[in-house]
Amino acid sequence: MELEALRSIYEGDESFRELSPVSFQYRIGENGDPKAFLIEISWTETYPQTPPIISMNAFFNNTISSAVKQSILAKLQEAVEIHLGTAMTYTLFEYAKDNKEQFMENHHPINSTIPISSIISVETPNTAPSSKKKDKKEQLSKAQKRKLADKTDHKGQLPRGWNWVDVVKHLSKTGSKDDE
């Protein structure tokens, strides 16, 4: 019943994602917001009598320090204790949305990723010399180019039937019994 309620409440909400019928993700904050984070809630078999599994291990949260993640999870666990025995997924998502600023007050983005520009600059020198040698094409003389252009159409393709045998001319050259 809670599943149907979540689907109807968050229908069309880009922040909500149903991973499976018992696992959900919600992005708190706008896309591109440095203080945005993603919460994943998974129901256990005995949910709501037992607490759901709350996780912040999504790749989206890589810039958040583990201390801030632990703080958020601890505050969400307090909310879980209060609502134990009732359907609480919606309540937890809304609680996180309402307290986003408080949750992220100690957040200082960590830059754990390598900038793309440094990856490109490292890779480029190694591959450039070998590709120059392979890119050399056969050079045609002016006469060869002209001859090729005369044989082909404007797209550089040979006309249809260029290699067909002309049956009529062939028969006339060999001669047939009708000609005698």
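Below are the figures for this structure:
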{"quantity": "Conditions (1) at pLDDT below 75; (2) surrounded by 10 or more Cβ atoms within 10 Å (Cβ to Cβ): number failed by Q102", "calculated": "(1)"}
{"quantity": "Strands (runs of 3 or more DSSP E) within region 1-77 that include 1 or more residues open to solvent by 40 Å² or more (accessible area, probe 1.4 Å) and over 17 Å from N99 (Cα atoms)", "calculated": "16-20, 53-55"}
{"quantity": "Residues that are closer than 20 Å to E45 by Cα and aliphatic (A, V, I, L, M), drawn from region 9-33", "calculated": "L19, V22"}
{"quantity": "Qualifying residue in region 63-73 (condition: closer than 17 Å to L92 by Cβ and within 20 Å of the chain's Cα centre (by Cα))", "calculated": "no"}
{"quantity": "Subset of region 78-95 that is open to solvent by less than 50 Å² (accessible area, probe 1.4 Å) and assigned to a loop (DSSP other than H, G, I, E, B) - its residue that is nearest to E2 (Cα to Cα)", "calculated": "M88"}
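The values are calculated or read from the model by the stated rules, or taken from the named source; none is laboratory data. No experiment lies behind these values; they were computed from the predicted model shown. Quick reminder, even Gly has a Cβ in these numbers, built from the backbone with ideal geometry, and neighbours come from all protein chains shown. Accessible surface areas use protein heavy atoms only, side chains included; no ligands, DNA or RNA. Shrake-Rupley method; radii C 1.70, N 1.55, O 1.52, S 1.80 Å.
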